[in-house]
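See structure below.
The values are calculated or read from the model by the stated rules, or taken from the named source; none is laboratory data. Source: prediction; values computed, not measured. Cβ placement follows ideal geometry from the backbone for every residue including glycine, while neighbour counts extend to all protein chains displayed. The area values use the complete protein model at the heavy-atom level, side chains included, leaving out ligands, DNA and RNA. Shrake-Rupley method; radii C 1.70, N 1.55, O 1.52, S 1.80 Å.
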Amino acid sequence: MEIDRNGLEVLDRDECLRLLSTATLGRVGVTAGALPTVLPVNFLLDGERILIRTGEGTKLRAATDNAVVAFESDDFDPLYHSGWSVVVTGVAREVTDPSELASLKSAPLARWAPRGNGRIVAISTEVVSGRRIGAPATRRGAA
């Protein structure tokens, strides 16, 4: 097990993706008007990509530009002071292929906001890193 200079466990790619598969809420960092912004999203890990459903707006504009985005998800247990955080850097693109959209039709992919047409954005997982704090036996979602 690798420990970083702050005493946190460094997670490998496989463990990061496994943890992402257990979560449903994350944050996507995009550039809007030449300024960085971070937006909450519901998401689903689909193999090696992150899927989010969104309407017209900042996230969709970033996706249609094939922008490089940051994505983060975490889980924290304040009682045991344990948890994890995974950060992904990848390219966002809108999913527009009809056969790909049809295959995602039944995916349990909720929208963060209740309105909009629910277009799907895929984020590649080019760079994945993660850290964990606390003993594995006390972590929620450790299984």
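Of all residues in the stretch 60-94, those that are on the phi > 0 side of the Ramachandran plot and of a type in the set (S, T, N, Q) total 1. Among the residues of the stretch 48-62, is there at least one that is in contact with a Leu (Cβ under 9 Å, 6 or more places away or on another chain) and in a loop (DSSP other than H, G, I, E, B)? Yes, there is a match, as at least one residue in the stretch 48-62 is in contact with a Leu (Cβ under 9 Å, 6 or more places away or on another chain) and in a loop (DSSP other than H, G, I, E, B).
Residues considered: GLU72, GLU100. Of these, the only one that is charged (D, E, K, R) and touching a Gly at 6+ places or on another chain (Cβ under 9 Å) is GLU72. Could you count how many residues in the stretch 95-135 are open to solvent by less than 30 Å² (accessible area, probe 1.4 Å), over 22 Å from LEU19 (Cα atoms) and either modelled with pLDDT under 80 or not in a loop (DSSP other than H, G, I, E, B) (or both)? The total comes to 1.
Among the residues of the stretch 72-94, the ones that are outside any strand (DSSP E or B) and surrounded by 14 or more Cβ atoms within 10 Å (Cβ to Cβ) come to 1 in all.
Selection of the stretch 10-37 for residues being surrounded by 13 or more Cβ atoms within 10 Å (Cβ to Cβ) and in a strand (DSSP E or B) yields VAL10, LEU11, LEU25, GLY26, ARG27, VAL28, GLY29, VAL30, THR31, ALA32, THR37.
Scanning the stretch 38-62 for residues that are without any contact (Cβ under 8 Å) to a residue 60 or more places away in the chain, among the small types (Gly, Ala, Ser) and open to solvent by less than 40 Å² (accessible area, probe 1.4 Å) turns up GLY57, ALA62.
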